[in-house]
């Protein structure tokens, strides 16, 4: 019998997150104190993170219990459905099966609450009253403002200015949840003011917005910083998606052969694929396919080296694929994919040859999104369109026994201006010149 949507019973929702660090084939390179170049110690992170999240960041436990208070909020939308994209299959003449894990059903419309809720909870129980963060396309800022509302906390968001201007409804949604939002670079921080003095027309970057949010948190006693991607504890929280997919595929007797996700910082891709890593290391040929924009090709063309996570060099040094922390990306509409680096865990796995990263132009991804909408009926976020494009390309060479699963990371109902620009033929493709990468990498610290 054909099943379109696979719903996992709520009482079977995972009650633990998976921590991939004990299973990595090569141990993670430690984050470094940029002043001493020595490995970071937990106390060095305490000005911006609560102790419980620092412990998760450095944990070697394979599974971490999800607090009941977090599960109670998760149950507003989890488990999320796994959906057969059969109409898309027919439209492209696929021989294989294509499924998507629908994370757009969350209150924020994306996968981001999977980590915003536990981050807000852990901060709340340690007495934090206010969280500061950055956001690219606005999905993370929306998710954190939602989570802070659940635990009666203040939320301040620094949103990359180009996305702030492209996506005005994100501001309205964040404000309605009770959050405060500033376009970055802003006049709220020293970092923002210095950039505005240097370039009044600066459209911002995630690296710059991170600098502003970290500075905000570090200069206030009542505030901590929350990050929506990249860090270990964020990836750990997101593994609930892959853990659910494993159960849902088992329910219908299917086995994934291709796992596809878009990559900006790496959280949704890592959350989907990393629970499958142990079986891949045991010989399962399942393919991990991270998809990124050609305008910001971190995994496909960046160097694997130590770099700062932000433009102002306020963060520790982490080993990752990077385009250089000074990199200023082109103003593509997939704002959540415009980060110069990627999650160290994801980069570690990519560097081990366990992934097959690809990059596409934004117009090709919008074409894929339009086809998905016309066949499956739902409007994907511009970021999500990259995963759809990746799945369609994978299906071209997949056989009848193959099963492609991609992560539908968010809906595009607040991205209609982007689609309007696409429909009018106003979108421009950007392919990052090699000289720009080489120039940006010159600012990276010389750390072996």
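The values are calculated or read from the model by the stated rules, or taken from the named source; none is laboratory data. Keep in mind that this is a model prediction, so the values were computed, not measured. A quick note on method: Cβ atoms are made from the backbone with ideal geometry, for glycine too, and the neighbour counts reach across all protein chains shown.
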Single match in 314, 354 (criterion: over 25 Å from residue 34 (Cβ atoms) and in contact with a helix residue (DSSP H, G or I) (Cβ under 8 Å, 6 or more places away or on another chain))
354
May I ask you to say which residue of 165, 154 is in contact with a helix residue (DSSP H, G or I) (Cβ under 9 Å, 6 or more places away or on another chain) and surrounded by fewer than 24 Cβ atoms within 10 Å (Cβ to Cβ)?
154
Do the conditions hold for residue 35, that is, is it at pLDDT below 90 and more than 27 Å from residue 143 (Cα to Cα)?
yes
From the set of residues in the stretch 50-93 that are touching a strand residue (DSSP E or B) at 6+ places or on another chain (Cβ under 8 Å) and assigned to a loop (DSSP other than H, G, I, E, B), which is farthest from residue 268 (Cα to Cα)?
50
Which numbered condition residue 392 misses (of (1) within 30 Å of residue 239 (Cα to Cα); (2) in contact (Cβ under 8 Å) with a residue 60 or more places away in the chain; (3) not in a helix (DSSP H, G or I)):
(3)
Cβ pairs under 8 Å, 6+ apart or interchain, first in the stretch 419-448 and on the phi < 0 side of the Ramachandran plot and in contact (Cβ under 8 Å) with a residue 12 or more places away in the chain, second loosely packed, with under 14 Cβ neighbours inside 10 Å and in a loop (DSSP other than H, G, I, E, B), ordered by first then second residue, are 447/37
Here are some residues: 330, 359, 312, 381. Which one is out of contact with any strand residue (DSSP E or B) (no Cβ under 8 Å at 6 or more places or on another chain), surrounded by 20 or more Cβ atoms within 10 Å (Cβ to Cβ) and touching a residue at least 60 places away in the same chain (Cβ under 8 Å)?
312
Here are some conditions: (1) within 29 Å of residue 191 (Cβ to Cβ); (2) surrounded by fewer than 24 Cβ atoms within 10 Å (Cβ to Cβ). Residue 352 meets all but one. Which one does it not meet?
(1)
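Can you tell me which residues in the stretch 187-214 are assigned to a helix (DSSP H, G or I) and crowded, with 22+ Cβ neighbours inside 10 Å?
Answer for the stretch 187-214, where residues must be assigned to a helix (DSSP H, G or I) and crowded, with 22+ Cβ neighbours inside 10 Å: 191, 192, 195, 206, 207, 208, 209, 210, 211, 212, 213, 214.
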Which numbered condition residue 375 fails, given (1) part of a helix (DSSP H, G or I); (2) surrounded by fewer than 17 Cβ atoms within 10 Å (Cβ to Cβ); (3) at pLDDT below 95
(3)
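For every residue, the table says whether it meets (1) out of contact with any helix residue (DSSP H, G or I) (no Cβ under 8 Å at 6 or more places or on another chain); (2) touching a residue at least 12 places away in the same chain (Cβ under 8 Å); (3) within 26 Å of residue 101 (Cβ to Cβ).
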residue: 224; (1), (2), (3): no, yes, no
residue: 240; (1), (2), (3): no, yes, yes
residue: 244; (1), (2), (3): yes, yes, yes
residue: 252; (1), (2), (3): yes, yes, yes
residue: 266; (1), (2), (3): no, yes, yes
residue: 269; (1), (2), (3): no, yes, yes
